[in-house]
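The values are calculated or read from the model by the stated rules, or taken from the named source; none is laboratory data. Bear in mind that the values here come from a model prediction, so they are computed numbers and not experimental data. As a convention, Cβ positions derive from the backbone with ideal geometry for all residues, glycine included, and neighbour counts pool all protein chains shown. Side chains included, ligands, DNA and RNA excluded: accessible areas come from the protein's heavy atoms. Shrake-Rupley method; radii C 1.70, N 1.55, O 1.52, S 1.80 Å.
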Amino acid sequence: MLETPRLRLRPHTVEDFEALAALWADPEVTRFIGGRPATREESWARLLRYAGLWRLLGFGYWAVEDRETGAYLGDVGFADFHRPLDPAPPALPEIGWVLAPAAHGRGLATEAAGAALAWLGRDCFCIIDPAHTGSLRVAAKLGFLQVGVPRYRDGVTTLLIRRH
């Protein structure tokens, strides 16, 4: 578990499923991440994948909650998703962050991802939809630099790297 002034980053539990499913079913959340809301089945698979990452890779995603209220705000963490980027991404952990729209614009993504990066303590990369200006701002605040615009699925994405 990690704590920041406003947030708690903790392992996901089965009890997080309803909040996680609601988050990933929100079209505003998924507009730049996959382009469509997730089904409950897809969200359940995501929750299981989050748990598996820790067991298999020694890193993964945390549930982000408000320290004051305990409200589930989103997810932040690291993975190796074997993404078919062209050209291929670096052999580094990939960081990702997603927060509920009610948590946007308050610096919480930067706070959560910053705590995760401090925990990781090494280089990593992220990919962000070129139109997702909010996440690109977060990445810039965290010290990520754009290194390419690889092809991914049916389009392109922005590839950014942060050196530790």
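The table below gives the values:
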item: Simple Cβ-charge dipole of the stretch 29-114, Lys/Arg +1 and Asp/Glu -1, about Cα centre, in debye nearest 20; result: 180
item: By average C-beta atoms within 10 angstrom, highest first, the peptides 74-84, 38-48; result: 74-84, 38-48
item: The stretch 75-164: trypsin sites (Lys or Arg not before Pro) in DSSP loop, at most 15 other beta carbons within 10 Å; result: Arg106, Arg122, Arg153, Arg163
item: Karplus-derived 3J(HN,Hα), 6.51/-1.76/1.60, for each residue of the stretch 32-49, Hz, glycine and proline x; result: 9, 10, x, x, 8, x, 7, 6, 4, 4, 5, 5, 4, 4, 4, 4, 5, 4
item: Computed [θ] at 222 nm, deg cm²/dmol, the chain (DSSP H ≥ 4; -39,500 (n - 2.57); rounded to nearest 500); result: -9500 deg cm²/dmol
item: Tyr50 accessible area, 1.4 Å probe, all protein chains in place, Å² to nearest 10; result: 0
item: Other-chain or far-sequence residues with amide H under 5 Å of Tyr61's (modelled H); result: Trp54, Phe78
item: Carbon/sulfur fraction of accessible area - the chain, other protein chains in place, 1.4 Å, %; result: 55
